[in-house]
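Have a look at the structure below, then the notes.
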Amino acid sequence: MENAIMVAAALIGAGLCMGFAAIGAGLGDGLVTSRFIEGITRQPEAQSKLFTNTLISVGLIESMAIIATVVALIMLYANPLIK
């Protein structure tokens, strides 16, 4: 019985972790992209610098979602509390 509760908690925790990470990454990417478009409309001559900074920012945002996925997988498959 105790093992079933730990498995259920790990599944719920992994689902929440991955879900919130996906929501956060989507919102972050949307905000960065909208600011990029605003920056291009205000200063078209700075497009290359803005594009480079946008790619770096989006990469960092997406890396946080990947790290959350790894944490969720660790909770599922390498959990020492589940026997």
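The values are calculated or read from the model by the stated rules, or taken from the named source; none is laboratory data. Nothing here was measured: the structure is a model prediction, and the numbers come from that model. Heads up, the Cβs are rebuilt from the backbone with ideal geometry, glycines too, and the neighbour counts pull from every protein chain shown. These accessible areas exclude ligands, DNA and RNA; they are computed on the full protein's heavy atoms, side chains included. Shrake-Rupley method; radii C 1.70, N 1.55, O 1.52, S 1.80 Å.
Okay, here's what the table says:
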{"item": "Residue satisfying all of: in region 33-83; part of a helix (DSSP H, G or I) and charged (D, E, K, R); farthest from ILE12 (Cα to Cα) among these", "result": "GLU45"}
{"item": "Considering residues of region 31-82 that are in contact with a helix residue (DSSP H, G or I) (Cβ under 6 Å, 6 or more places away or on another chain) and open to solvent by 80 Å² or more (accessible area, probe 1.4 Å) only, the residue modelled with the lowest pLDDT", "result": "LEU81"}
{"item": "Test: residue in region 13-20 that is touching a Leu at 6+ places or on another chain (Cβ under 6 Å), assigned to a helix (DSSP H, G or I) and under 19 Å from ALA72 (Cβ atoms)", "result": "yes"}
{"item": "Candidates LYS83, LYS49, filtered to the one that is closer than 30 Å to ASN3 by Cα and of a type in the set (Lys, Arg)", "result": "LYS83"}
{"item": "Long-range neighbours under 8 Å by Cβ, at least six apart or interchain, first residue touching a residue at least 24 places away in the same chain (Cβ under 8 Å) within region 35-62, second open to solvent by less than 90 Å² (accessible area, probe 1.4 Å) and of a type in the set (A, V, I, L, M, F, W, C)", "result": "SER57/VAL32; VAL58/VAL32; ILE61/ALA25; ILE61/VAL32; GLU62/ALA25"}
{"item": "Selected residue (criterion: least open to solvent (accessible area, probe 1.4 Å)) from residues of region 2-30 that are over 19 Å from ILE67 (Cα atoms) and not hydrophobic (A, V, I, L, M, F, W, C)", "result": "GLY30"}
